[in-house]
Amino acid sequence: MSATAETVEQVKSISGEKYKYGFVTDIAADKAPKGLSEDIVRFISAKKGEPEWLLEWRLKAYRRWLEMPEPKWSKVDFPPIDYQQYHYYSAPKSDDDRPKSLDEVDPELLATYEKLGIPIKEQEVLAGVAVDYVFDSVSVATTFKKKLEEVGVIFCPISEALERCPDLVRKYLGTVVPVADNKHACLNSAVFTDGSFVYIPPGVRCPMELSTYFRINEMNTGQFERTLIVADKGSYVSYLEGCTAPMRDENQLHAAVVELVALDDAEIKYSTVQNWYPGDEEGKGGIYNFVTKRGACRGKNSKISWTQVETGSAITWKYPSCILQGDNSVGEFYSIAITNNAQQADTGTKMIHLGKNTTSRIISKGISAGKSDQTYRGLVKISPKAEGARNYTQCDSLLIGDKCGAHTVPYIESKNKNAIVEHEATTSTISEDQLFYLRQRGIPEEAAVALVVNGFCREVMQQLPMEFAVEAQKLVGISLEGSVG
Amino acid sequence: MLEIKDLHATVQGKEILKGVNLTVNPGEVHAIMGPNGSGKSTLSYVLAGRDGYEVTGGRIIYMGEDLTELDPEERAAKGIFLAFQYPVEIPGVPNSTFLNEAVNAVRRYRGEDELDKIQFVKMLRAKTKELNMSDEMLKRAVNVGFSGGEKKRNEVLQMAVLEPKLSILDETDSGLDIDALKIVSEGVNALRSPERSSLVITHYQRLLDYIVPDKVHVLAQGRIQKTGGKELALELEKNGYADFTGEEAA
């Protein structure tokens, strides 16, 4: 019996009933039919050969999801999502015979990556980055594995981790972002197809930046990655995530979940450059990016640092947060968000201070152009026990043109009298003086805008790893094309 | 080099330049002096092509080409440089990055190869050394937190790096103490050559002790009222501009 046929049998036996859909042909295409139901959840779980507990976990999430309301508090506007119009599982055809090296990877896949400017080989050699590629929800190539294995670092697709170290996954999965945290995270818990798993053993400093490129390619395929990073005592890891997506016509739903756990004296640095298709000038066809990212500084003296450069998506709904449980733990959030044309972004962070002497730092740079609308939404919460907690927040908004919007919504809840919470905010525009000055030196108008904006973002850019910073600076210019003149 | 013929220009609908005529030959330094509100800064902005400064009549011929339809960056690429009276701050952008962008933008426009990082740094170091400037200034954000003198020296550095054919110095002496004035003037003089011309706009004769002009023009009420040699500047210093404004000398 072929692997595909086996899967079909397995699915049938689990669900105990015959599928309404023509699964045989669909499985040949490695794609679940459109729509969401318990059957689909079971199908995904079976397709991935998951243990029973995970299936139960998914089903629990699915049932909660059915009852949960959509989050309505953000300042974004879009028509109701028809969840039944999406496919919740699709994989490249070579899924069953996963390649052991790049030579075995479908050449067409490699060609696509090259079009996107991500030459795999060059990355391997030049950047020294182990890349765990996600192509339509399933990882197809993992590199530099050996070097990581030598120091005991586990970096693999989460589906593989379920085989290699199921106890670790089970111990931490859903402990930072609970199943029913919010509707989008709940959906992810029910239908996540893959993502990355990272475990850094005690005392290990990960020898390279870990990197995953997420892409969305198949027509009408919602993307539901699940990432889990655990830094054990005294370890360090820097993780890079970058996204690009090709042009397309219909809105795509993306609801990823990222969970970070830092134990005693551990540090996790998580950097994102997000450049998903923002849609045309009216926002048509752009990606809906509804992401739940959260880190738990569980151990004392632990540190989690989020850095993000958000330039893409039609709608961004994203609040990478830190729960500062361990005494003396540190949470950081550095953000650049650029919106142009009809893009909408509601983004920010939550810093939850629970432990003593916990500190957090928030630097947010928002750039709005065209007729886009952008909101910084942040929460700094100091619990009664968080003696000596400190927070510093700085939110700067830059407006380009007179049809865009920038909003800053900081929430501060302090229940400890000794806590120090600082908030600074500015709003400015690119002045005609600045543009004329730069143009008089020979710099064309769009390049001048890009230069001013890059300067405005510098504090955050400096937090990015070198190779990411170069890419991000170029992105700033590309994202603002057509915003002046 | 530069030929301005019967130039009329308006700012926000108000006519400021009312028929300016001026010819500058290669290698010459011309001073334009005049009272406040006479149109000196307007003339410099019109030459540089700033938005909002509209040419309503006449022509500006530079190196045989009419400039009026060109964007500021195109004029810059063709070798026109304006040293600003009030240099603008660009927060977060290191001076060296700014200069690198400018040099390569100009080179691209001219169809020349861009300088790579190493070539650029080598060239920049040579310029700062020539002008006796510290490299520390290159790392700081453009004009941010610079003293008045530092800002003006930064303008001279930009000029040295971009090697313009026509430099317009708009009240470069304003806000400078005597030492800074000397340093800036030395910088400007170091760039003098038979192929390059300068237009020095100033209120006071003082600057012209250091940058000695070939010709001095008096701009008042939107027109060149008088042209003479460098002695004209001394005369103005003594008598003021009353002869040209129809007002009593202060």
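In Å², rounded to the nearest 100, what is the total accessible surface buried by chains B and A against each other with a 1.4 Å probe? Walk me through the numbers on the way to the answer.
Details: alone 12340 and 19810 Å², together 29980 Å².
Buried area (both sides, nearest 100 Å²): 2200 Å².
For the stretch B:74-195, the solvent-accessible area with a 1.4 angstrom probe is 44 square angstrom per residue.
Give me a single rounded figure for B:84-94: the average over its residues of other chain Cβ atoms within 10 Å of their Cβ. Present the calculation step by step, with values, prior to reporting the outcome.
Values: counts 4, 0, 2, 2, 9, 5, 12, 6, 12, 9, 2.
Mean inter-chain Cβ contacts per residue within 10 Å come to 6.
Remark: the stretch B:30-41, residue by residue, has Karplus-estimated 3J(HN,Hα) of 10, 9, 10, 10, x, x, 4, x, 8, x, 5, 5 Hz, where x stands for each Gly or Pro and the curve is 6.51 cos²θ - 1.76 cosθ + 1.60 at θ = phi - 60°. Dipole orientation for the stretch B:2-245: of the candidates B:Gly175, B:Gly49, B:Val88, B:Gly175 has the Cα lying most toward the positive pole (charges on Cβ; Lys, Arg +1; Asp, Glu -1). Taking every DSSP helix (H) stretch of at least 4 residues in chain B, weighting each as -39,500 (n - 2.57) and dividing the sum by the residue count yields a mean residue ellipticity at 222 nm of -11000 deg cm²/dmol. Placing a label point 7 Å from the Cα of A:Asn418 along the Cα-to-Cβ direction, the residues of the stretch A:346-382 whose backbone N falls under 20 Å of that point are A:352-361, A:381-382. Largest mean-square fluctuation among B:Leu138, B:Leu207, B:Leu169, in a Gaussian network model of chain B whose springs join Cα atoms under 10 Å apart, belongs to B:Leu138. For the stretch B:1-91, the list of GluC sites (Glu not before Pro) that fall in a loop by DSSP and count at most 12 other C-beta atoms within 10 angstrom reads B:Glu69. Taking amide H as placed 1.01 Å from N in the peptide plane, B:Ala83 has its amide H under 5 Å from the amide H of B:Ile168, B:Leu169, B:Asp170, each at least 5 places away in sequence or on another chain. Take every pair of alpha-carbon atoms less than 8 Å apart whose residues are at least six positions apart; their mean separation over the length of chain B yields a relative contact order of 28 percent. Where both bridge residues fall in the stretch A:372-464, DSSP classifies roughly 0% of the beta bridges as antiparallel.
Around the Cα centre of chain B, unit charges on the Cβ atoms of Lys, Arg, Asp and Glu (plus for the first two, minus for the last two) sum to a dipole of about 340 debye. GluC sites (Glu not before Pro) within the stretch B:171-250: which are DSSP loop residues with at most 14 other Cβ atoms inside 10 Å? When the GluC sites (Glu not before Pro) of the stretch B:171-250 are filtered for loop state and at most 14 Cβ neighbours within 10 Å, B:Glu195, B:Glu247, B:Glu248 remain. Measuring between alpha carbons in the structure, the pairs from A:Lys356/A:Lys417; A:Lys269/A:Lys350; A:Lys183/A:Lys385; A:Lys233/A:Lys415; A:Lys183/A:Lys293; A:Lys72/A:Lys403 lying more than 20 angstrom apart are A:Lys183/A:Lys385; A:Lys233/A:Lys415; A:Lys72/A:Lys403. Straight-line cross-link reach from A:Lys474 at under 17 Å between alpha-carbon atoms covers these lysines, not counting any fewer than eight positions away in the same chain: A:Lys115, A:Lys365, B:Lys117. Using a probe of 1.4 Å on the protein chains alone, the accessible area found for B:Arg108 is around 120 Å². The calculated pair-distance distribution of the stretch A:342-429 uses every alpha carbon pair, bins of 5 angstrom beginning at 0, and gives 4, 15, 24, 18, 13, 10, 8, 5, 3, 0 percent.
Under the simplified labelling scheme, the A:Tyr392-B:Glu186 pair shows an inter-label distance of 4.0 nm, with each label point 7 Å from Cα along Cα→Cβ. If you run the Gaussian network model on chain B, springs between alpha carbon atoms under 10 Å, then out of B:Ile118, B:Ile178, B:Ile61 the most flexible one is B:Ile118.
Net charge dipole, the stretch B:158-230: roughly 400 debye, given to the nearest 20, about the Cα centre with Cβ charges of +1 for Lys and Arg and -1 for Asp and Glu. Taking a ≥ b ≥ c as the square roots of the eigenvalues of the Cα gyration tensor, an a/c ratio of 1.5 or more together with a/b larger than b/c marks the stretch B:93-170 as prolate. Considering only Cα atoms, the convex hull volume of the stretch B:2-245 works out to 122 Å³ per residue.
For B:Lys18, neighbours were defined as the other residues whose beta-carbon sits under 14 Å from its Cβ, and their charges (Lys and Arg +1, Asp and Glu -1) total +1.
Within the stretch B:201-250, list the trypsin sites (Lys or Arg not before Pro) lying in a DSSP loop whose Cβ has at most 13 other Cβ atoms in a 10 Å radius. Working shown, then result.
Working: sites: B:Arg206, B:Lys215, B:Arg223, B:Lys226, B:Lys230, B:Lys238; in loops: B:Lys230.
Here no trypsin sites (Lys or Arg not before Pro) fit, given the DSSP loop and packing criteria.
Result for chain B in a Gaussian network model with C-alpha springs under 10 Å: among B:Asp113, B:Asp173, B:Asp66, the largest mean-square fluctuation is at B:Asp113.
Using the per-residue mean of other Cβ atoms lying within 10 Å as a proxy for protection, in what order, highest first, do the peptides A:252-262, A:77-87, A:268-278 fall?
Details: A:252-262: 25.9, A:77-87: 12.9, A:268-278: 23.3.
Going by the mean number of other Cβ atoms within 10 Å, highest first, we get A:252-262, A:268-278, A:77-87.
Residues in the stretch A:368-384 carry Karplus couplings, in order, of 10, 9, x, 10, 6, 9, 9, 10, 8, 10, x, 10, 10, 10, 10, 7, x Hz; the curve used is 6.51 cos²θ - 1.76 cosθ + 1.60 with θ = phi - 60°, and Gly or Pro positions show x. Counting only DSSP beta bridges with both residues in the stretch B:2-245, the antiparallel share comes to about 60 percent. Distances between placed amide hydrogens fall under 5 Å for A:Ile367 paired with A:Ala337, A:Ile338, A:Thr339, A:Leu398, all partners being 5 or more residues away or on another chain.
Close amide H partners of A:Tyr236, meaning residues 5 or more places away or on another chain with modelled amide H under 5 Å apart, are A:Val204, A:Arg205, A:Cys206, A:Glu267.
The values are calculated or read from the model by the stated rules, or taken from the named source; none is laboratory data. Keep in mind that what you see is a predicted model, and the values were worked out from it rather than measured. All Cβ positions, glycine included, derive from the backbone under ideal geometry; neighbour counts span all protein chains shown. With ligands, DNA and RNA removed, areas are computed over all heavy atoms of the protein, side chains included. Shrake-Rupley method; radii C 1.70, N 1.55, O 1.52, S 1.80 Å.
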